[in-house]
Every structure is written in structure tokens, then in C-alpha cells.
Amino acid sequence: MVEASPGSEAVRLEGISKAFGSFKALDNVSVALRYGEIHALVGENGAGKSTLMNVLYGILQPSAGRMLVGGQDVGSHWSTRDAIAHQIGMIHQHFSLVMEHSVLDNIVMPTLKWTDLAPKWGQYRERFSELSAQFGFDLSPDTLVGKLSVGQRQQVEILKMLYQGAKILILDEPTAVLTPQQSDRLLEMLLQFRDRGYAVVIITHKLEHALDLADHITVLRNGRQIATVAKGEGTIADIARMMVSQEVNTTQRRSRSAMGKVVLDMDNVSLDVDGVALLDKISLQVREGEILGVAGVAGNGQSELAETIIGLQSTTAGSISIYGKELGTTSVEARRRGGIAIIPEDRHAHAVVGEMDIASNFIMGHEGEPQFSRRGILNRKNIAEFAKHCIAEFDVRTRSAETKLEFLSGGNQQKVVIGRELSANPRLIIAHEPARGLDFAATAYIRQRLVQAAEAGAGVLLISSDLDELMELSTRVVVLYCGRAVGTVDADAYDPQHFGSLMAGAEAA
Ligand SMILES: Nc1ncnc2c1ncn2[C@@H]1O[C@H](COP(=O)(O)OP(=O)(O)OP(=O)(O)O)[C@@H](O)[C@H]1O
Ligand SMILES: [Mg+2]
């Protein structure tokens, strides 16, 4: 077993390389992790961050290099089971929980062996409560994971690691799915882990988090280790410069185009599920050339708003019209064909098919269009050309359009969804957390594209938990609270205090 005294070396990765075919995802990377320290791993989408940690966690075998855990060379047959046995825990970019099972099941089941003939649920429950109390979690063991919010699901993942006895904790972009408040709480928790002597690795695109928290920051670029800097050794600008292969253009600003006709008109829209009003008499309009922001603490109706417009949920009352034409019970497919594009919040679950290649994901939902197929027969050549064009335009880092989507890095998968949606020349774009998981060059680019789409005459509904993003891109921002639109703020007259109280429901009638 490893010796976990603070400051002692937990893990040493030496000269790790990883090739996929002829492609080098990692090239000679060396990193040391210590107990009682936080190590941040930063780099562009596709830089190799997840790959490096997947090697450490035994999911991928390195092509070269060696790993020492607690000073011992682990050899070449290192599996996830070994990693867990050596007190390494990892939370992936995309969670791996069973929705239909309870919190306790999700945490305990992976630790059970088939030889455990009489599982001691009483003891497991006790251990669960102890851990929860120790770190201030407020999860009920019997709730179904499917009923939890994203933030709570992440707590389940963290508890699962701790329950398995992990002392070396790896978190792959843990704050990407969290609201700012939840994110602050998580970062606090990481500091707590550090203070208790755990070794923590955090992969993040938020450099300010890396600088605030980390004792060391390793910067990867195109699979190569550009630097490992100690706390206080570099500024955000220094680190950012090391990360990017090209200068980032961040000149996006609100669209200056004149507003045209009303594209989206929601009139008194309500959505009741099991007697709960998830949307409550929402009325709003989005005009051509406008980016209308939607703010609110997560879970106040944002997802339902997007889902009713695209037709995934049917409204209980009120009407939704596009260019004056009521949508009624129009299908999702017909709404898409009619010019509504959606970048959904949970892209992994709703917008891509991992087993299909990139090209197919690019045309998903548009296969029936004449340039892609005739009488049911796909036009491979046009599809390939279109995919090639999108890959270049949205800077999807891949070797070919035939690569399966699941082999792309997280951020590059998102670029595929965004590229597909924006390439269809939509009249209305629903963008829900569009920059989630993207590095800052890609973030700047996507924001620019939304502004351009508005300038070209589309209406954009931007749902975001990032207030800076909302204020920068939108002209007006609607605040949702408990399914109601409790206020609309002009971005030019933004007053954080007033805005905060709207979001907190303090001004809800
Ligand atoms: N199983 C695989 N087969 C082929 N290529 C892969 C595989 N896994 C990863 N890659 C490639 O390795 C590179 C690094 O990917 P990785 O997921 O480590 O990036 P990342 O730094 O985590 O990016 P992001 O910030 O977008 O999550 C990418 O170009 C990706 O396409
Ligand atoms: Mg990744």
C-alpha cells in the first residue's frame, strides 16, 4: 500500500507517450503528483489531458514510458482495477452512473465481489453516512441518481471514489457542468482534500481556477509537455500563451445589426409535469439580429424552455410561434427542418452518436436533404466534402472525417455538434451553455459565430450560467426563477446587485 504522508510522492509518470495508430496523442510527458498537493492539467481541446489521466487510471496502455506509484514501477500490465487497488480514483469528463439505481447502489456496487454472498448493507450505509458527514455532502442514499441534479450526480461520483478508498483523486473538467455556485463549492472541497493529504489532479479550461488552487500546473500542447510551473511562477497570460498554437482573437461583441422581424414568439407558455409548473406563463420574443440571453440558477426552467421550443416537451398552455406560425404539435424533425437549431446542454446524451463517424454526426438530422441523399441513397461524396469543410471551419482536431466520434476529445465532440447546428443556416438558434467544455480559443470562436449568425439575420436564444458571456453577447437578458420570467435586463444597464436578486427570486411576485 502507498505511504500517504503529505509532500511525499504519490505518482511519477516518466516519459509517457501514447500513439493511436500513427498519431501521437502524448509525446514524452513526465509529471509527479504529491500527497497534499493539487496538480492542474491545462491545454487546448485535444491536447492530451484526458489521455494522460486515462493512462494513469489504467484505461489506456502507454506506448512508451513508465509509471511509478508510491515509488514502485507498475510495469506494463496496469489496469483500472490495479489503479483502484493503489488508491487512485478518477471522475471522467462524462459521468458513468446508473440512473435507475439509488445513490447508495451506485457507490457500493462497484466495490462488491461476486463472492460477497451476504452484502452487509447496514455497514455500507453507515460508511456512506460517515463519509458524507466528513466532507459535508447532503445526499440521501436512497434517491435514484436519475432524479438528481448534475451537481449532485457529481457528488455521487466523488463519494464513489472516496468510498473505494482513493487517496489520489483525478477530476477531468469537474466544473464544466456546474453552476458558478456549485463550482465554488467543489473547489473548496478540493482544497479540503489537499489539506487532508490527498493528491489531487484537476483538468480544467478555467485558468483562474488552476492558478488559484494548484501547487503545480502542467501545460500540454499537441501531446507535448510545454511546461510544469509551480504556484506563483506564471500569470494567466503566461499560461495561456503556452497553451495555444495560435493567437486567440477575442473581439466578439454584441451584434450591432438592426433588429428585424420577430422570429420566436412565446406567448404565456406553461409546462406542468406531475402538478409542478416547470414553466409558468413565459412570454418572450426573439427578433432577427438579436441575441436574447436567458439567465438563472440552473434548474429554474432553462432546459424546459429549450425543450419546449424544439418540441421535446409539449406545452400545457400558451403558444410558440416561428415567424407568426404557431408550432402546435409539430414534430422535432419538422421544427429542425423549419430552421430551428439547438445546441443542447447535455450534448453527450442528446446530440451525438459516439459509435458513428464524424461525418455522419455532422449531417445527423439533415440526411434527408437533397445534397446528402436522393431517394434514400446517401451521396457519400457530398457528405464527405461537407464534413471536411465543417472540420476545417470549426477546427475539429481529428485525423479524418471517418474517425468515430467517441475517439475525439470532449471539446472536439462539442465542436461537431455546434458546427452541425450552425451550418444549417438556422433562423432560430437555441444555444444552451454553448462554450461548455471548450478551450478559450474555441470559446471565442463559437461566440463570434453566434454574433455573426445574429448579424446575418438569425434570432439567437442564449441560455447560459456564465453571466459575463450573457452580458457580452446579448442585448437583453431574461431571468428565469422557478419557471417564471421574473425580469428582463438591458445588457447596457447591467447592475450585478439587481441582477443577483432577480436570480435569487427576491423580486419574484
Ligand atoms: N481511443 C482513441 N483513438 C484515437 N484517437 C484518440 C483516442 N482517444 C483520444 N484520441 C485523440 O487523442 C487526442 C487527445 O485527446 P484527449 O481526449 O486526451 O484531449 P483533451 O486534452 O482531454 O481535450 P478536451 O479538452 O477536448 O477534453 C485527440 O486528438 C483525440 O482525438
Ligand atoms: Mg478531455
Worksheet, complete the sentence: Going through region 135-181 in order, the residues found to be outside any helix (DSSP H, G or I), among the aliphatic types (A, V, I, L, M), surrounded by 15 or more Cβ atoms within 10 Å (Cβ to Cβ) and in contact with a strand residue (DSSP E or B) (Cβ under 8 Å, 6 or more places away or on another chain) are ALA166, ILE168, LEU169, ILE170, LEU171
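Yes or no, residue by residue, for (1) polar (S, T, N, Q); (2) more than 28 Å from VAL11 (Cβ to Cβ); (3) over 19 Å from the mean Cα position of the chain (by Cα):
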residue	(1), (2), (3)
ASP142	no, yes, yes
GLN155	yes, no, no
LEU162	no, no, yes
ILE170	no, no, no
VAL201	no, no, no
HIS205	no, no, no
GLU208	no, no, no
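Determine, yes or no, whether MET189 is within 25 Å of TYR445 (Cβ to Cβ) and among the hydrophobic types (A, V, I, L, M, F, W, C).
No, not satisfied.
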Discussion item. Out of GLY48, GLY65, I need the residue that is in contact (Cβ under 8 Å) with a residue 40 or more places away in the chain and surrounded by 21 or more Cβ atoms within 10 Å (Cβ to Cβ). Which one?
Written reply: GLY48
Worksheet item: Which residue out of GLU100, GLU37 is under 26 Å from the mean Cα position of the chain (by Cα), touching a residue at least 60 places away in the same chain (Cβ under 8 Å) and away from ligand 1 (no atom under 15 Å from the Cβ)?
Response: GLU37
Fill in: Spans of strands (runs of 3 or more DSSP E) in region 449-506 with at least 1 residues closer than 20 Å to ARG436 by Cα
459-463, 476-481
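ILE377: out of contact with any strand residue (DSSP E or B) (no Cβ under 9 Å at 6 or more places or on another chain), over 29 Å from LEU461 (Cβ atoms) and of a type in the set (Val, Ile, Thr), yes or no?
yes
Pick out the one residue from VAL42, VAL98 that is among the aliphatic types (A, V, I, L, M) and crowded, with 19+ Cβ neighbours inside 10 Å. Before you say what the answer is, go through the steps one by one.
Values: VAL98 fails: crowded, with 19+ Cβ neighbours inside 10 Å.
Exactly one of VAL42, VAL98 is among the aliphatic types (A, V, I, L, M) and crowded, with 19+ Cβ neighbours inside 10 Å, namely VAL42.
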Worksheet item: So which of ILE107, ILE84, ILE91, ILE59 ends up being open to solvent by 40 Å² or more (accessible area, probe 1.4 Å), in contact (Cβ under 8 Å) with a residue 40 or more places away in the chain and within 30 Å of ARG347 (Cβ to Cβ)?
Response: ILE84
Discussion item. For the list (1) over 24 Å from VAL352 (Cβ atoms); (2) open to solvent by 30 Å² or more (accessible area, probe 1.4 Å); (3) touching a residue at least 40 places away in the same chain (Cβ under 8 Å), I need the number of the one condition that MET471 fails.
Written reply: (2)
Worksheet item: Looking at region 342-352, is at least one residue touching a Pro at 6+ places or on another chain (Cβ under 9 Å), without any contact (Cβ under 8 Å) to a residue 24 or more places away in the chain and closer than 19 Å to ARG436 by Cα?
Response: yes
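The values are calculated or read from the model by the stated rules, or taken from the named source; none is laboratory data. Predicted model only: the values in this text are computed from it and were never measured. Backbone-built Cβ (ideal geometry, glycine too); neighbour counts: all protein chains shown. All accessible areas refer to the heavy atoms of the entire protein, side chains included, with ligands and DNA or RNA removed. Shrake-Rupley method; radii C 1.70, N 1.55, O 1.52, S 1.80 Å.
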